[in-house]
Amino acid sequence: MSGMEIERKFLVRRDRDFKSMAYSSSRIRQGYIPTNGATVRIRVRDDKGYLTIKGPSRNGGLSRYEFEKEITLDEAQHLLELCEPAMIDKTRYLVRCGDHTFEVDEFYGYNEGLVMAEVELGSEDEPFERPDFLGMEVTGDHRFYNRQLRRVPFAIFRGTLPEEYR
């Protein structure tokens with residue numbers, strides 16, 4: 001799949017339940033191949049592999065070009081060997097709200113305690129229903145890009161956030 005990706009990102013409030021609302025969950029491990037300009041991600045999601053290439057962010061991080069292709073699990077595991085050190089490890093929960101599906105990621109390792117939700121939109125001004133677990137919007141905040149979390153993990157800056165997100 002390729003095209004323009006339009007998404008908004010939010011921190012999830014610690015005092016709100018999202019797991020009971022999830023209709024699906026999967027474990028994800030991903031790494032990043034060193035490049036200049038584009039982001040090249042290798043992902044293993046349960047028993048499937050994916051190669052994703054993302055262009056630079058536009059409009060304050062709201063949109064960017066994305067190309068994604070399913071590859072074999074064996075190919076993904078071999079490509080992970082080419083990735084920069086420190087993998088992202090998380091569980092992704094899918095939660096429906098109104099006409100949209102929110103991807104809620106619960107992180108592990110050095111990013112333990114971080115829970116973020118993303119919603120993909122058809123246009124930058126598309127309205128969407130907000131589930132009550134959504135908190136502060138972090139769209140365009142580079143600290144919360146997965147590639148950046150690999151370099152500067154949540155454990156380093158979690159104390160700078162309000163208590164409801166730590």
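Read-outs: derived from the displayed coordinates by stated rules, not from any lab. None of the values given here were measured: they were computed from a predicted structure. Cβ atoms come from the backbone with ideal geometry, glycine included; neighbour counts cover every protein chain shown.
Derived from the Cα gyration tensor, the three semi-axes of the equivalent ellipsoid of the chain are 24, 19, 17 Å, largest first. Estimated from helical segments only, the mean residue ellipticity of the chain at 222 nm is -2500 deg cm²/dmol, where each DSSP H run of four or more residues counts as -39500 (n - 2.57). With R₀ set to 41 Å, the beta-carbon distance separating Thr35 from Glu103 gives a calculated FRET efficiency near 0.95.
With Cα atoms defining each centre, segment 1-46 and segment 90-166 are spaced 9 Å apart in the structure.
Which residues in segment 9-41 place their backbone N less than 15 Å from a point set 7 Å from the Cα of Leu82 along the Cα-to-Cβ direction? Zone members listed by number: 31-36, 38-41.
Of Phe154, Leu121, Thr39, which is farthest towards the positive pole of segment 2-159's charge dipole, taken about the Cα centre with +1 and -1 on the beta-carbons of Lys, Arg and Asp, Glu respectively? Of the options given, the answer is Phe154. Using Cβ point charges alone (K and R +1, D and E -1), the dipole size of segment 2-159 about the Cα centre works out to roughly 500 debye. Scoring 159-165, 145-151, 57-63 by mean Cβ neighbours within 10 Å over their residues and listing the highest first yields 145-151, 57-63, 159-165.
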